[in-house]
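Student: Take this structure, written in structure tokens, and hold onto it; I'll ask about it next.
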Amino acid sequence: MHHGLPLDLTFGEGQEHMWWNNVETKPYGAYPQAWDVQVLSQLGPQAWTGGAYPGKTIFEAAPPEKTAVSYLPDQREWSSPNLYEDTPAGEWAPAQQLPEHHMFMFYLQRTCNHCTYPACLAACPRKAIYKRREDGVVLIDQQRCRGYRRCVEACPYKKSMYNPVTRTSEKCIGCYPRIELGLQSRCVVACVGKIRLQGWVSPPDKSDPNNPIDYLVHEAKVALPLYAQLGLEPNLYYIPPRWAPRPYLKQLFGPNVEQAIATYANPDDRLFGVLRLFGMTDKIIGSYQLLDKAVRALDAKGSEIFKVGFDEPIYTRPEYDAAAGVMRVNEP
């Protein structure tokens, strides 16, 4: 039985609009257009009480005839993935200083969140969507799917997409064949900015501080979910930007933004060491060991993957003598 799609994604006929892994310029950019504004406006006013959200989630706020608060984007909304790219908000001021800039923008990388409580799964009348027990990846069974697009409508993050050629819905498969081999997903490994880290996250009451993902999410609490108030418990976490207005960041990432930014801006050795793990290997890191100004990454079996220091060596490139055709090292 074929589930999902092969690893070389979104190249086929009918996938022209499918950006399973896209980057949006916030606050104005969105793909599809205004997906977040439409969902939040239907959810109604939202407020946090301390660290808890007492309001209605998209499931509880849904009308009787629907599984969740939802909408189905039209063709126009899928047509411009780069609309408002690099467009800032606010007013320019001569002195832009932290903690907040008067004019700001930042990039928000988005892919399927492989939610703990997926709205796409709940909405599918064919039960074609399921969550794998072994790794939590959410998949669409292409043989069971009949293209009703209830998943496209229900997913508030709009990461389930309809293919008009195959007449089925398709989405990010989390590169689960790589995960089965102990490897991180391609979007994580291929990121030249080294901004991503993939691994296993535990429930809060079973957090392991030696697991890098648990440490970032549950211990240091610098990694936060996107729109936790929707109620899906997304499993993609973000370290929020430092310079954007706090009310806007709190809407995106919840009430713990201030604490996350303060901790990230002044990391202790443990946090700094965990941040050094980003983008350093294609293998899933099961645990880490903090050393003297260095960190060691281990796989699920406890074997060393790599070790990296806190400070990188500085190399001075020798000058090239074009006339002589040789490299010359400058004497100190």
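Student: Do you know which residues across region 19-34 are under 11 Å from Pro73 (Cβ atoms) and over 16 Å from the mean Cα position of the chain (by Cα)?
Tutor: Residues satisfying the conditions are Pro32, Gln33, Ala34.
Student: From Ala61, Ala47, Ala68, which residue is closer than 27 Å to Tyr117 by Cβ and exposed (fewer than 13 other Cβ atoms within 10 Å of the Cβ)?
Tutor: Ala47
Student: Output yes when any residue across region 86-102 is among the aromatic types (Phe, Trp, Tyr) and modelled with pLDDT under 95, and no when none is.
Tutor: Within region 86-102, one or more residues are among the aromatic types (Phe, Trp, Tyr) and modelled with pLDDT under 95.
Student: When you scan region 192-205, do you find a residue that is more than 26 Å from Lys221 (Cβ to Cβ) and at pLDDT below 95, even just one?
Tutor: yes
Student: Would you mind stating whether Val69 is part of a strand (DSSP E or B), of a type in the set (A, V, I, L, M, F, W, C) and either modelled with pLDDT of 90 or more or over 21 Å from the mean Cα position of the chain (by Cα) (or both)?
Tutor: Against the criterion (part of a strand (DSSP E or B), of a type in the set (A, V, I, L, M, F, W, C) and either modelled with pLDDT of 90 or more or over 21 Å from the mean Cα position of the chain (by Cα) (or both)), Val69 does not qualify.
Table: residues versus (1) in contact with a helix residue (DSSP H, G or I) (Cβ under 7 Å, 6 or more places away or on another chain); (2) of a type in the set (Asp, Glu); (3) assigned by TED's automatic domain parsing to the domain that holds Leu43; (4) more than 25 Å from Leu43 (Cβ to Cβ).
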| residue | (1), (2), (3), (4) |
| --- | --- |
| Ala190 | no, no, yes, yes |
| Arg196 | yes, no, yes, yes |
| Pro209 | yes, no, yes, yes |
| Val222 | yes, no, yes, yes |
| Glu233 | no, yes, yes, no |
| Tyr237 | yes, no, yes, no |
| Pro241 | no, no, yes, no |
| Leu252 | no, no, yes, no |
| Val257 | yes, no, yes, no |
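Student: I've got another one for you. Go over the candidates Ala244, Ala220, Ala190 one by one and state the one that is farther than 19 Å from Cys115 by Cα and free of Cβ contacts under 8 Å to residues at least 12 places away in the same chain.
Tutor: Step by step, each of Ala244, Ala220, Ala190 is checked, and only Ala190 is farther than 19 Å from Cys115 by Cα and free of Cβ contacts under 8 Å to residues at least 12 places away in the same chain.
Student: So Asp205 clears everything in (1) more than 18 Å from Cys115 (Cα to Cα); (2) free of Cβ contacts under 8 Å to residues at least 40 places away in the same chain; (3) in a loop (DSSP other than H, G, I, E, B) except one condition, right? Which one?
Tutor: Just one mismatch for Asp205, condition (3).
Student: Within region 187-201, is there a residue that is touching a strand residue (DSSP E or B) at 6+ places or on another chain (Cβ under 7 Å) and within 26 Å of Ile129 (Cβ to Cβ)?
Tutor: no
Student: Moving on. Among the strands (runs of 3 or more DSSP E) contained in region 259-332, which hold 2 or more residues that are at pLDDT 95 or above and either among the hydrophobic types (A, V, I, L, M, F, W, C) or crowded, with 17+ Cβ neighbours inside 10 Å (or both)?
Tutor: 287-291, 294-298, 304-309
Student: When region 218-235 is examined, which residues are found to be over 17 Å from Val138 (Cβ atoms) and either buried (at least 22 other Cβ atoms within 10 Å of the Cβ) or aliphatic (A, V, I, L, M) (or both)?
Tutor: Matches in region 218-235: Ala220, Val222, Ala223, Leu224, Ala228.
Student: Another question about this same structure. Going by the conditions given, is Arg276 touching a Phe, Trp or Tyr at 6+ places or on another chain (Cβ under 9 Å), in contact (Cβ under 8 Å) with a residue 24 or more places away in the chain and over 14 Å from Lys307 (Cα atoms)?
Tutor: Here the answer is no, as Arg276 does not meet what is asked.
Student: I would also like to ask the following. Please determine whether any residue of region 180-190 is in contact with a Phe, Trp or Tyr (Cβ under 7 Å, 6 or more places away or on another chain), of a type in the set (S, T, N, Q) and over 14 Å from Ser70 (Cβ atoms).
Tutor: no
The values are calculated or read from the model by the stated rules, or taken from the named source; none is laboratory data. As the structure is a prediction and not an experimental result, all values here were calculated from the model. Counting neighbours? That spans all protein chains shown, and the Cβs are built from the backbone with ideal geometry, glycine included.
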